[in-house]
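Trainee: Encoded as structure tokens, here's the structure I'll be asking about.
The values are calculated or read from the model by the stated rules, or taken from the named source; none is laboratory data. These numbers were taken from a predicted model, which means no experiment stands behind them. Counting neighbours? That spans all protein chains shown, and the Cβs are built from the backbone with ideal geometry, glycine included. For accessibility, only protein heavy atoms count, side chains too; no ligands or nucleic acids. Shrake-Rupley method; radii C 1.70, N 1.55, O 1.52, S 1.80 Å.
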Amino acid sequence: MRKILAVGFCLLFGTGILCAQENDRNFEISKNLSVFNSLYKELEMFYVDTLDTEKTIRSGIDGMLRGLDPYTVYISDEETNDFKFQTTGEYAGVGAIITLGRDKRVVISEPYEGMPAQKSGLKAGDVILEIDGENVTTKTVSEVSNMLKGTPNTTVKIKVERPGEKKDLTFNVKRENIQITSVPYYGMVTGDIGYINLSSFTENTAGEVRQAIRDLITNHNAGKLILDVRNNPGGVMDAAVQTVNFFVPKGKEVVSTKGKVRQWNRVYNTMFEPIAENIPLVVLVNNNSASASEIVAGALQDLDRAVIVGSRTYGKGLVQSAREVGYNGILKLTISKYYIPSGRCIQAIDYTHRNESGSADYIPDSLTNEFFTANGRVVRDGRGISPDFTVENEKPGNITYYLVMENIIFDYATEYVNQHKAIPPVEDFRFTDEDYEGFKAFVKTKDFTYDRQTEKVLKTLREVAEFEGYLDSASEEFAALESKLNPDLDRDLEKFKTEIEQLISLEIVKRYYYQKGEIIEGLKDDNDLKKAIEVLNDPELYTKTLSTPVAENNTSEPTARTE
């Protein structure tokens, strides 16, 4: 009896503590909300200038959320269309990507093939001057984008300046419901190997991937497949689960989610019979493969169903949910983490424990944990998906970055198109040495300058050396370094010729053959693709990669290899 009373007392006492803690927390919430409300009222009544209420409150909201993670954000009613586009891949507009040109005016960078802008005659490089008679030359990309979107079947009048044309051009474009495809290209790459480019995960992804797989196997006799999720930022989780389901049996766990609200925790299993269960499969990934892309690659790796090739993925293991917060606003907030079949979470950045500056750091490798695939291969959590074969690609030169960011390559492609009414099919197109000489001449007419990080660091080092009294004795060494590290346009255009030519070729081909042509052009000299083909054409290597490691090799180190 005494023990029973003691247990009862402890339970009551423990419950009392929990209730007291909860009451304290509720009081703190009410108090701080009241302070915030009072503070704003004081500002509104007495601050010397008139406040922009929406802007001021929005700054407070953004500041509150900024201390969490970058995926927890407030979406106002004006921004909800863009949010819906991310999940559905649909919007109503003219079907074109726009960007800021070198002269700070908005320019069409890519009209989608078969969409209103392209069908009306608008081209990449067209500078947008007016929309429905309103001058937009000083407007932002976001403002112009909103003006181009609208109700389907309505007409928008677009006035543009086209390089090479003496007069401005006007186009009447009828808006349509624009559906962005998740599979912009698929086809055969060599022999019996089929290739599928998967660029996003939306509500329509599963149907597009299913169609691609069936067409490649049935109509093109594909006996092996490459699924490319490089640069795929993710999207709808259900679409990722369905994609995995095409390759693994019904009833297999693909991903589970765990968060604060237990009722929201879920386990996602495959629900249908696969359509390509036994076909050899390679998945291509890179640092920009995130979220749903990592679920697909990670689940297929954990289930030993596919060989992963490329570079380590981004490492986003957080799940978001959209919550309505009134006045058509939405709070997209992180509600859980996801875990792939081995039990690992691949979240790479720890947003909970920030450093003194307030920034979040990557989880160090020393704090990651071992997990095992279905066949006992070692994999690790906390750092994205590490490929089974890591392909090292050369880092682009600094000049290449600035040629892209300053729109030099884009503007050159526009001039190239004006001089070439047509080019050969993508497979036969080549950007020649003579063409490259023309590009170099073009660059020199554009007052192009590019910043060198080495030059900045060297300048700082010189200042420190002078302050500490070492500059005189090291003056010759500094002079030698400066001569080698100072920007030299002719030298760098030649040194980084190969990678610059590749970027020029992609931009030119896209002008004639759109997104599909750009993808085909990019596959011509693709080291990741070459490695994938090598693995698929070597059945012994493919099988060994996915098999249970032999005892002497079953160590704590990952099984990834560097090529």
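Trainee: Given the conditions (1) modelled with pLDDT of 90 or more; (2) closer than 30 Å to THR414 by Cβ; (3) open to solvent by 50 Å² or more (accessible area, probe 1.4 Å), report the number of the one that GLU90 does not fulfil.
Mentor: With respect to (1) modelled with pLDDT of 90 or more; (2) closer than 30 Å to THR414 by Cβ; (3) open to solvent by 50 Å² or more (accessible area, probe 1.4 Å), GLU90 is out only on (1).
Trainee: In segment 258-271, is there at least one residue being surrounded by fewer than 24 Cβ atoms within 10 Å (Cβ to Cβ) and in contact with a Phe, Trp or Tyr (Cβ under 8 Å, 6 or more places away or on another chain)?
Mentor: So far as segment 258-271 goes, yes, one or more of its residues are surrounded by fewer than 24 Cβ atoms within 10 Å (Cβ to Cβ) and in contact with a Phe, Trp or Tyr (Cβ under 8 Å, 6 or more places away or on another chain).
Trainee: If you don't mind, there's one more thing I want to ask. Looking only at segment 218-244, count every residue that is farther than 15 Å from VAL183 by Cβ and either open to solvent by less than 60 Å² (accessible area, probe 1.4 Å) or touching a Leu at 6+ places or on another chain (Cβ under 6 Å) (or both) and tell me the total.
Mentor: 6
Trainee: Scan VAL267, VAL325 and give me the residue that is modelled with pLDDT of 95 or more and β-branched (Val, Ile, Thr).
Mentor: After applying the criteria, what remains is VAL267.
Trainee: Return the total of residues in segment 156-180 being assigned to a strand (DSSP E or B) and surrounded by 14 or more Cβ atoms within 10 Å (Cβ to Cβ).
Mentor: Number satisfying all stated conditions: 11.
Trainee: Residue by residue through segment 245-257, note down the ones that are in contact with a strand residue (DSSP E or B) (Cβ under 9 Å, 6 or more places away or on another chain), loosely packed, with under 15 Cβ neighbours inside 10 Å and at negative phi.
Mentor: LYS250
Trainee: Taking the residues in segment 128-145 that are closer than 16 Å to TYR91 by Cα and in contact (Cβ under 8 Å) with a residue 12 or more places away in the chain as candidates, determine which candidate is least open to solvent (accessible area, probe 1.4 Å).
Mentor: So, considering only residues that are closer than 16 Å to TYR91 by Cα and in contact (Cβ under 8 Å) with a residue 12 or more places away in the chain, the one least open to solvent (accessible area, probe 1.4 Å) is VAL144.
Trainee: Within the set of pairs 6+ apart or on separate chains, which have a first residue in segment 510-527 that is touching a residue at least 60 places away in the same chain (Cβ under 8 Å) and over 20 Å from HIS420 (Cα atoms), a second that is of a type in the set (Val, Ile, Thr) and part of a loop (DSSP other than H, G, I, E, B), and C-beta atoms under 8 Å apart?
Mentor: ASN527/VAL391
Trainee: Turning to a different aspect of this structure: Identify, by number, the condition in (1) touching a strand residue (DSSP E or B) at 6+ places or on another chain (Cβ under 9 Å); (2) assigned to a helix (DSSP H, G or I); (3) more than 26 Å from LYS316 (Cα to Cα) that VAL209 doesn't meet.
Mentor: That leaves (3) as the condition not met.
Trainee: When you check GLU427 against the structure, is it closer than 29 Å to GLY187 by Cβ, open to solvent by 70 Å² or more (accessible area, probe 1.4 Å) and part of a helix (DSSP H, G or I), yes or no?
Mentor: yes
Trainee: Condition (residue is open to solvent by less than 90 Å² (accessible area, probe 1.4 Å), of a type in the set (Gly, Ala, Ser) and at negative phi) applied to segment 63-71: is it met by at least one residue?
Mentor: Yes, segment 63-71 contains a residue that is open to solvent by less than 90 Å² (accessible area, probe 1.4 Å), of a type in the set (Gly, Ala, Ser) and at negative phi.
Trainee: Residues being of a type in the set (Ser, Thr, Tyr) and open to solvent by less than 10 Å² (accessible area, probe 1.4 Å): count how many of those fall in segment 181-201.
Mentor: Number satisfying all stated conditions: 2.
Trainee: Return only the number of the condition from (1) surrounded by fewer than 10 Cβ atoms within 10 Å (Cβ to Cβ); (2) of a type outside the set (S, T, N, Q); (3) closer than 23 Å to VAL73 by Cα that PHE46 does not satisfy.
Mentor: PHE46 satisfies all of (1) surrounded by fewer than 10 Cβ atoms within 10 Å (Cβ to Cβ); (2) of a type outside the set (S, T, N, Q); (3) closer than 23 Å to VAL73 by Cα except (3).
Trainee: Within segment 455-481, count every residue that is part of a helix (DSSP H, G or I) and open to solvent by less than 60 Å² (accessible area, probe 1.4 Å).
Mentor: Counting residues in segment 455-481 that are part of a helix (DSSP H, G or I) and open to solvent by less than 60 Å² (accessible area, probe 1.4 Å) gives 7.
Trainee: I would also like to ask the following. Inside segment 507-524, can you point out the residues that are closer than 30 Å to PRO280 by Cα and either in a helix (DSSP H, G or I) or over 22 Å from the mean Cα position of the chain (by Cα) (or both)?
Mentor: Correct list: GLN515, LYS516, GLY517, GLU518, ILE519, ILE520, GLU521, GLY522, LYS524.
Residue-by-condition table, conditions (1) touching a helix residue (DSSP H, G or I) at 6+ places or on another chain (Cβ under 7 Å); (2) aromatic (Phe, Trp, Tyr):
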site: PHE246; (1), (2): yes, yes
site: GLN263; (1), (2): no, no
site: VAL267; (1), (2): no, no
site: PRO274; (1), (2): yes, no
site: LEU303; (1), (2): no, no
site: GLY317; (1), (2): no, no
site: ILE335; (1), (2): yes, no
site: TYR339; (1), (2): no, yes
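Trainee: Within segment 317-332, identify whether any single residue is of a type in the set (D, E, K, R) and crowded, with 19+ Cβ neighbours inside 10 Å, and answer yes or no.
Mentor: No, segment 317-332 contains no residue that is of a type in the set (D, E, K, R) and crowded, with 19+ Cβ neighbours inside 10 Å.
Trainee: I'd like the full set of residues that are part of a helix (DSSP H, G or I), buried (at least 19 other Cβ atoms within 10 Å of the Cβ), of a type in the set (A, V, I, L, M) and under 26 Å from the mean Cα position of the chain (by Cα), limited to segment 386-424.
Mentor: Residues satisfying the conditions are ILE399, LEU403, ILE408, ILE409, ALA413.
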